[in-house]
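The values are calculated or read from the model by the stated rules, or taken from the named source; none is laboratory data. In this text the structure is predicted, and so the values were computed from the model without any measurement. Cβ placement follows ideal geometry from the backbone for every residue including glycine, while neighbour counts extend to all protein chains displayed. Surface areas here come from the heavy atoms of the whole protein model, side chains and all, with no ligands, DNA or RNA. Shrake-Rupley method; radii C 1.70, N 1.55, O 1.52, S 1.80 Å.
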Amino acid sequence: MIRNIAGSVLALAGATAAVWSPFRAWYDGRHGRDYAIDELFTGITADRGELIGSILAPFLFAALLTLLGVLLRSRLLVALAGVVVLGFTVLWMVRVGQAEGSLTVGGDGTGLGDGVANAFGGGILLLLGALVMSGRSHAPHRVDQPPRPTHPTLDGPPPDDTSTLEAPRAHPQASAPYAATQSFDVPTWDPDQERENPPPKS
């Protein structure tokens, strides 16, 4: 929560600096709103562009991305806004360097102005805000059934999954492994009886 708040503050500050930068001097006292957006692709000229069609347009788009990113707590949208600001600022510097031959920085109002610094600072703040933000918090995964214990508990041993299976039924004609024992009367030898009934002589 704290990271989202801190990242949102950095992102909003960066977006504000980026939107404010075209109203400051960018090069030789010329404000950023005087550069038409199409000049970044065709070449810098001395013509003054309209406010809506100036370099302010991509910065307003970046500010809109920042607001959506803060409301949705999306780090991707905030980072994309920072890339848009830095990308158009670098593209402007390349085009001005081609038109002027070189870029200079002067303390008397010539060369690069504070508008470029504001644009660069705004883009960096947007990227820092995206890094600081923690993004959306995902809900913990809920499990409907508690996990089965793998060790004995106070309630008894862990349940056996095989106990729920139905035991195989015995075949009706299946016999026991050993037959039931039976008793037989075996005659015993009596010598007295043999004397009374001697066997016939052949």
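Assorted remarks:
- Some residue of region 17-37 being among the polar types (S, T, N, Q), open to solvent by 40 Å² or more (accessible area, probe 1.4 Å) and over 29 Å from the mean Cα position of the chain (by Cα): no
- Residue list for region 82-126, filter: closer than 19 Å to VAL19 by Cβ and either in a loop (DSSP other than H, G, I, E, B) or of a type in the set (Asp, Glu) (or both): GLY113, ASP114
- Test: residue in region 73-90 that is under 24 Å from ASP28 (Cα atoms), surrounded by fewer than 20 Cβ atoms within 10 Å (Cβ to Cβ), in contact with a Gly (Cβ under 6 Å, 6 or more places away or on another chain) and aliphatic (A, V, I, L, M): yes
- Those residues of region 46-72 which are in a loop (DSSP other than H, G, I, E, B) and open to solvent by less than 60 Å² (accessible area, probe 1.4 Å), in sequence order: GLY49, GLY53, ILE55
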